[in-house]
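> Once you've had a glance at the structure underneath, I'll fire off some questions.
The values are calculated or read from the model by the stated rules, or taken from the named source; none is laboratory data. As the structure is a computational prediction, the values presented were derived from the model and not from experiment. All Cβ positions, glycine included, derive from the backbone under ideal geometry; neighbour counts span all protein chains shown.
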Number of protein chains: 2
Amino acid sequence: MPTTVKRNHNKHQLERTIALLEKGSINDVRLFIHSIYPAETAHIIESLEPLEREKIWSVIPPNVMAEILVKLHVEVATGLLKITDRKDLIKATENLESDDMLDLLHTLPEPLLSQVFDSIAEVERSRLESALSYDENTAGSIMSLDFLTIRGDVSLDVVSRYLHKRGEMTEAIDNLIVVDRKNHFQGLLSVTSLLTKEGHLKVSDVMSSSENGIPYQMLTSEVALLFEQRDMLSAPVLSEEGQILGQISIDHVINIIRNEEGHSLMSRVGLDEEQDMFAPVAVSARRRAVWLGINLFTAFLAAWVIGLFEATIDQIVALAVLMPIVASMGGIAGSQTLTLVIRGIALKQVNDANAGRILAKELSIGVVNGILWAVVVTIIAGLWFQSMSLGLLLGSAMIINLICAAFAGATIPLALDKMGIDPALAGGVLLTTVTDVIGFMAFLGLATIFLL
Amino acid sequence: MPTTVKRNHNKHQLERTIALLEKGSINDVRLFIHSIYPAETAHIIESLEPLEREKIWSVIPPNVMAEILVKLHVEVATGLLKITDRKDLIKATENLESDDMLDLLHTLPEPLLSQVFDSIAEVERSRLESALSYDENTAGSIMSLDFLTIRGDVSLDVVSRYLHKRGEMTEAIDNLIVVDRKNHFQGLLSVTSLLTKEGHLKVSDVMSSSENGIPYQMLTSEVALLFEQRDMLSAPVLSEEGQILGQISIDHVINIIRNEEGHSLMSRVGLDEEQDMFAPVAVSARRRAVWLGINLFTAFLAAWVIGLFEATIDQIVALAVLMPIVASMGGIAGSQTLTLVIRGIALKQVNDANAGRILAKELSIGVVNGILWAVVVTIIAGLWFQSMSLGLLLGSAMIINLICAAFAGATIPLALDKMGIDPALAGGVLLTTVTDVIGFMAFLGLATIFLL
């Protein structure tokens, strides 16, 4: 009788692996790892430190190595490839599906890549080479070259007999691709029709021919949205002339969504979505240092702005106490707008056509919240320093900064996107630069004019 | 001949809709909307302002209304429900799959919910009622009640005949669920086996009985990982006794991944993933105000810390100029650690078992980058203000804050997760509170001790 998986399945597997590793019985580790799925092993490997990873890797039989490698982040995979016997690896690639093979080839560092390539049969190699030539992040780069095509003029019975004769299929399929003599896409025959419709019917009478062919240059983010919107499990990829080039399946689409979303999150703090949690300290520190350096530049810029008003602060020290409040609130409000717009761009819900309306709405929110919090800070600061004019000054600077923050939060990502720069990566730094500079400038500038 | 979709499909559809709306020809809008998928209409509706939404909604035929409603964010759907004829709506629900029906029922506000419920046939209603009773965010809450079960002791031929007799299926299926007399899960018969294996074989000999049954209490985030790891298209949901309760299909899993990831991103700035881009200004402003208020509190806390050192700043104004640098760099470095750990927790790759190692690694990075940037700021500030001691002070405060930031960035999300608080929501505010307070305290405190 089949058992069900544990409720907190992944945590359980990780804890079990760590416990077995600590007990030091490599044979128990082997038995456990052999009992789980390759992707689960990949998940565990990523959650462990490099030395433990190598221990796990040493118990993996060559025939599943490739399947695990394609599920690992490139960085983690590269680390393990260094300690992998080349013969094992070449053997491992023999049974890979073409889409997994392509994934793996993208991972392999140069000398290894050529070796694996040389081991692939001539015909397959040229197929793979042409697939590798498609631009990254396009439909062509994620499609599989293994798919079933049939002709429209045969009966369902003939298709059924053909499938029985062909025998075992490795992956689940939902549709057979119907093509004409010249390999042009005609439509899709769903497996459910094959199972439920009468056998004497012709494929062309049963197939669906609504528009589901994906152009090979379509961006993967668009492909993902299309799969979500149409509840598709697979889709044919077509050339400009409408010929079948390959097929995209839902498991690749899920990876895209996960990576795309992880990317927006991680790049906000200058990290890569491929980040290996347990990369060597030197490697991680160097990567993060770059981001800290960029931010240090903007921090000094803000400091320089404050420096312009040193004389003012020298006379009224309370300004130094209150000034971070203006900058900080601007940063927070701006980030809200920025995040909303970046997500809208990613989900293709924000573009030129509606950008103006979003800007108008965000500015209105900026005005409303600017006034609201201006009143609050005016009262608090006024009471704290027993100076209504200081309070009013803080409130006015707050209104100015919150409106500018809304403007910057909406326009920066749109402008970056237009320039082909990733708004998730650069948007945050640019925004804080604006809100810091304007925040300090408005508060200290107004103080210089009205309080001195 | 089928046409392929446009390369930038969603942008194209949105622009086209806006153009037609602006042209004012509601009939052209109708024709266009009728030519696209319900989920695509939902996507367009979300990208438009309320008044335009209503125009689109007015051309939607009742029989696709429900399908569009379930694809809309709750907030947007609620707005449209207000202007929907109740009879239309009840009619619309008639052909919904049970999982979509459950989604819709979750969306409906109270009086409407009862009305729709009353219109559902008795048997179906009690099925739905029990399904609605499962905890949100668990497998039970996202499963469909429509699935096919077969017995293991029949031949594949019998199954084929049964399916042909049963006729048309609305959704693609990859597996038939094999059960015993008492509805206990026995295994899965893949549709591909049915299409490729010889018809005289028995179901029980062909089915796979490896562990793929999902307990109904499993968290949806775990369910999503399981689907990703095992490349599943559907999975049976089981009771504690191993009986079939329902089935989860991949299209729901994709929604979970999208929402989960959107949630991590949006809640970092205090927004809800269900946020409607074009919600009324008053509604949006109020929501964001809450977050600004929380952050204002921490900003005043930081200001209070600065205030403790007013006398020091009064003597050395340069401190006011440089102090935001320490706080800002701490915030940036801490956010990097925080983001990495929050993502690790969400992907179930960080938990008690390896938390110690992550903390150790992050602290090491904090030390390395602390020293590196301390040297840089010491030199810059030293030259700027012609004071090596001021530079050294800034550098020392930087080291202290970057190490504390690493510690806070790693421990805050783990602690929040343990307490059942969403680290994505509260983590950032807590972190900046720590890095601001420690940053100002370290810099101004050291200055008070050594420079006065």
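> Take segment A:217-229 and flag every residue that is surrounded by 18 or more Cβ atoms within 10 Å (Cβ to Cβ) and within 7 Å of another protein chain (Cβ to nearest Cβ).
Passing the criteria: A:218, A:222, A:225, A:226, A:228, A:229.
> Of all residues in segment B:242-260, which are within 20 Å of the chain's Cα centre (by Cα) and either within 16 Å of residue A:250 (Cβ to Cβ) or touching a residue at least 60 places away in the same chain (Cβ under 8 Å) (or both)? Spell out the reasoning first.
The first filter runs over segment B:242-260 and keeps only residues within 20 Å of the chain's Cα centre (by Cα), leaving B:248-260.
Across segment B:242-260, the qualifying residues are B:248, B:249, B:250, B:251, B:252, B:253, B:254, B:255, B:256, B:257, B:258, B:260.
> Being more than 8 Å from chain A (Cβ to nearest Cβ) and under 32 Å from the mean Cα position of the chain (by Cα) is the filter here, so list the residues in segment B:299-337 that pass it.
Listed by number, the residues that qualify are B:301, B:330, B:331, B:334, B:337.
> For segment A:212-241, enumerate the residues that are farther than 23 Å from residue B:174 by Cα and more than 21 Å from the chain's Cα centre (by Cα).
Going through segment A:212-241, the residues farther than 23 Å from residue B:174 by Cα turn out to be A:215-222, A:238-241.
Matches in segment A:212-241: A:215, A:238, A:239, A:240, A:241.
> Picking from B:264, B:160, which residue would you name as being in a helix (DSSP H, G or I), modelled with pLDDT under 90, more than 26 Å from residue A:35 (Cβ to Cβ) and small (Gly, Ala, Ser)?
Details: B:160 fails: modelled with pLDDT under 90.
None of the others qualify; the one that does is B:264.
> Just the residues that are closer than 13 Å to residue B:413 by Cα, in a helix (DSSP H, G or I) and facing chain A (nearest Cβ under 7 Å), please, taken from segment B:338-363.
B:339, B:340, B:343, B:344, B:358
> Sticking with this one: Residue check: is residue B:214 within 7 Å of chain A (Cβ to nearest Cβ), part of a strand (DSSP E or B), crowded, with 23+ Cβ neighbours inside 10 Å and touching a strand residue (DSSP E or B) at 6+ places or on another chain (Cβ under 8 Å)?
Numbers: within 7 Å of chain A (Cβ to nearest Cβ): yes; part of a strand (DSSP E or B): yes; crowded, with 23+ Cβ neighbours inside 10 Å: yes; touching a strand residue (DSSP E or B) at 6+ places or on another chain (Cβ under 8 Å): yes.
Taking the combined requirement at face value, the residue satisfies it.
> I've got another one for you. Going through B:159, B:179 one at a time, which residue ends up being farther than 22 Å from residue B:231 by Cα and crowded, with 20+ Cβ neighbours inside 10 Å?
Being farther than 22 Å from residue B:231 by Cα and crowded, with 20+ Cβ neighbours inside 10 Å holds for just one of B:159, B:179, which is B:159.
> Quick check on segment A:189-211: of everything there that is crowded, with 17+ Cβ neighbours inside 10 Å and more than 9 Å from chain B (Cβ to nearest Cβ), which residue is nearest to the chain's Cα centre (by Cα)?
Within segment A:189-211, the match that is nearest to the chain's Cα centre (by Cα) is A:189.
> Is it true that some residue in segment B:37-51 is among the acidic types (Asp, Glu), out of contact with any strand residue (DSSP E or B) (no Cβ under 6 Å at 6 or more places or on another chain) and within 21 Å of residue A:231 (Cβ to Cβ)? Full working, then the answer.
Looking only at segment B:37-51, we keep the residues that are among the acidic types (Asp, Glu), and these are B:40, B:46, B:49.
Add one more test, that the residue is out of contact with any strand residue (DSSP E or B) (no Cβ under 6 Å at 6 or more places or on another chain), and what stays is B:40, B:46, B:49.
This time we only want the ones that are within 21 Å of residue A:231 (Cβ to Cβ), so: B:40, B:46.
Yes: segment B:37-51 contains one or more residues that are among the acidic types (Asp, Glu), out of contact with any strand residue (DSSP E or B) (no Cβ under 6 Å at 6 or more places or on another chain) and within 21 Å of residue A:231 (Cβ to Cβ).
> For segment B:1-21, give me each residue that is of a type in the set (Val, Ile, Thr) and modelled with pLDDT under 85. Walk me through it before giving the result.
So in segment B:1-21, the residues of a type in the set (Val, Ile, Thr) come out as B:3-5, B:17-18.
Residues satisfying the conditions are B:3, B:4, B:5.
> Which of (1) crowded, with 22+ Cβ neighbours inside 10 Å; (2) closer than 30 Å to residue B:425 by Cα; (3) more than 7 Å from chain B (Cβ to nearest Cβ); (4) not aliphatic (A, V, I, L, M) is the odd one out, the single condition residue A:287 does not satisfy?
In the conditions (1) crowded, with 22+ Cβ neighbours inside 10 Å; (2) closer than 30 Å to residue B:425 by Cα; (3) more than 7 Å from chain B (Cβ to nearest Cβ); (4) not aliphatic (A, V, I, L, M), residue A:287 misses (1) alone.
> Another question, if that's okay. Where in segment B:99-142 are there helices (runs of 4 or more DSSP H), lying wholly inside it, with at least 2 residues that are without any contact (Cβ under 8 Å) to a residue 24 or more places away in the chain? Quick ask: steps written out before the conclusion?
On the way: elements: B:110-119, B:122-132, B:139-142.
Answer list for segment B:99-142: B:110-119, B:122-132.
> Oh, and also: Could you grab me the full set of residues in segment A:365-385 that are touching a residue at least 40 places away in the same chain (Cβ under 8 Å), more than 7 Å from every other protein chain (Cβ to nearest Cβ) and within 39 Å of the chain's Cα centre (by Cα)?
Across segment A:365-385, the qualifying residue is only A:366.
> A further question on this structure: State which residue pairs qualify: first residue without any contact (Cβ under 8 Å) to a residue 12 or more places away in the chain and inside segment B:386-401, second residue assigned to a helix (DSSP H, G or I) in any location, beta carbons under 8 Å apart, and separation of 6 or more residues or different chains.
Between residues of segment B:386-401 that are without any contact (Cβ under 8 Å) to a residue 12 or more places away in the chain and residues that are assigned to a helix (DSSP H, G or I), the close pairs are B:388/B:378; B:388/B:382.
> Still on this model: Give the residue, chosen from A:245, A:238, A:233, A:265, that is over 22 Å from residue B:10 (Cα atoms) and facing chain B (nearest Cβ under 7 Å).
Numbers: A:245 fails: facing chain B (nearest Cβ under 7 Å); A:238 fails: over 22 Å from residue B:10 (Cα atoms); A:233 fails: over 22 Å from residue B:10 (Cα atoms).
Within the list A:245, A:238, A:233, A:265, the selection yields A:265.
> Something else now. Being outside any strand (DSSP E or B) and either in contact with a Leu (Cβ under 7 Å, 6 or more places away or on another chain) or aliphatic (A, V, I, L, M) (or both) is the filter here, so list the residues in segment A:165-187 that pass it.
Step one: filter segment A:165-187 for residues outside any strand (DSSP E or B), giving A:165-174, A:180-183.
Residues satisfying the conditions are A:169, A:172, A:173, A:174.
> Of all the residues that make up segment B:49-82, how many are aliphatic (A, V, I, L, M) and over 25 Å from residue B:251 (Cα atoms)?
Here is the first cut: in segment B:49-82, the ones aliphatic (A, V, I, L, M) are B:51, B:56, B:59-60, B:64-66, B:68-70, B:72, B:74, B:76-77, B:80-81.
Subset that is over 25 Å from residue B:251 (Cα atoms): B:51, B:56, B:59.
Within segment B:49-82, residues that are aliphatic (A, V, I, L, M) and over 25 Å from residue B:251 (Cα atoms) number 3.
> May I pose another question? Any chance segment A:87-96 includes a residue that's under 25 Å from the mean Cα position of the chain (by Cα), among the aliphatic types (A, V, I, L, M) and either under 15 Å from residue A:70 (Cβ atoms) or assigned by TED's automatic domain parsing to the domain that holds residue A:63 (or both)?
In the first step, residues of segment A:87-96 are kept if they are under 25 Å from the mean Cα position of the chain (by Cα); the result is A:96.
After this cut, where a residue has to be among the aliphatic types (A, V, I, L, M) as well, the list is A:96.
Remaining after also requiring either under 15 Å from residue A:70 (Cβ atoms) or assigned by TED's automatic domain parsing to the domain that holds residue A:63 (or both): A:96.
Taking every residue of segment A:87-96 in turn, at least one turns out to be under 25 Å from the mean Cα position of the chain (by Cα), among the aliphatic types (A, V, I, L, M) and either under 15 Å from residue A:70 (Cβ atoms) or assigned by TED's automatic domain parsing to the domain that holds residue A:63 (or both).
> Which one of these does residue A:341 not meet: (1) surrounded by fewer than 23 Cβ atoms within 10 Å (Cβ to Cβ); (2) under 23 Å from residue A:418 (Cβ atoms)?
Against the list (1) surrounded by fewer than 23 Cβ atoms within 10 Å (Cβ to Cβ); (2) under 23 Å from residue A:418 (Cβ atoms), residue A:341 comes up short only on (1).
> Then there is this: Could you tell me which residue of segment B:139-156 is farthest from the other protein chains (Cβ to nearest Cβ), considering only residues that are buried (at least 16 other Cβ atoms within 10 Å of the Cβ) and among the aliphatic types (A, V, I, L, M)?
That would be B:145.
> Quick test for you: out of A:333, A:320, A:285, pick the one residue that is within 24 Å of residue A:380 (Cα to Cα) and without any contact (Cβ under 8 Å) to a residue 24 or more places away in the chain. Reasoning before the result, please.
Working: A:333 fails: without any contact (Cβ under 8 Å) to a residue 24 or more places away in the chain; A:285 fails: within 24 Å of residue A:380 (Cα to Cα).
From the options A:333, A:320, A:285, the qualifying one is A:320.
> Right, next: Regarding segment B:228-249, can at least one residue be identified that is under 27 Å from residue A:162 (Cα atoms), in contact with a helix residue (DSSP H, G or I) (Cβ under 7 Å, 6 or more places away or on another chain), polar (S, T, N, Q) and part of a strand (DSSP E or B)?
yes
> Let me ask something else about it. Quick one: in segment A:268-282, which of the residues that are without any contact (Cβ under 8 Å) to a residue 60 or more places away in the chain and farther than 18 Å from residue B:261 by Cα is farthest from the other protein chains (Cβ to nearest Cβ)?
It comes out as A:282.
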